[in-house]
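Working notes, beginning with the structure itself.
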Amino acid sequence: MFVMAKYLWKVDVVKNAGQLVKGMTVEIIMENTSAKPQAKHIIEAIKNKYGVTVSSCHCTTSNFNFQKLS
């Protein structure tokens, strides 16, 4: 039996950039990889939570703090 691994990440915005506002935070579940969420995952999570569309050019890792919760 194959069990899919899931990892929960907390992603915090650490500086303002475009539609990103310092203090925004999202939680993202990554399946089958323990790697940090990519820009597309962050963009989708922010749109779902805050209703704003973030340009991928503002999703550099320097704009975020990543914390692996599980």
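What to note about this one:
- Along the axis of the charge dipole computed for the stretch 9-68 (Cβ charges of +1 for Lys and Arg, -1 for Asp and Glu, origin at the Cα centre), the listed residues 39, 21, 51 are led at the positive end by 21.
- Loop-located trypsin sites (Lys or Arg not before Pro) across the stretch 21-70 with a Cβ neighbour count of 12 or fewer within 10 Å are 22, with loop assigned by DSSP.
- In a DSSP loop and with at most 11 other Cβ atoms within 10 Å, the chymotrypsin sites (Phe, Trp or Tyr not before Pro) in the chain are 2.
- Within the chain: Cβ-based charge dipole about Cα centre, in debye rounded to nearest 20 (Lys, Arg +1; Asp, Glu -1): 100 debye
- Evaluated over the stretch 9-68, the count of Lys pairs having alpha-carbon atoms less than 16 Å apart is 10 (only pairs 8 or more residues apart or interchain).
- Rough spin-label spacing in nm, given labels placed 7 Å along Cα→Cβ, for residue 65 and residue 48: 2.3 nm
- Cα-projected label distance for residue 56 with residue 38, points at 7 Å along beta-carbon direction, nm: 0.9 nm
- Considered as an equivalent ellipsoid built on the Cα gyration tensor, the chain has semi-axes of 23, 12, 10 Å, the largest given first.
Read the figures in this text as sums done on the coordinates, not as results from a lab. None of the values given here were measured: they were computed from a predicted structure. Glycine gets a Cβ as well: all are built from the backbone with ideal geometry, and neighbour counts include every protein chain shown.
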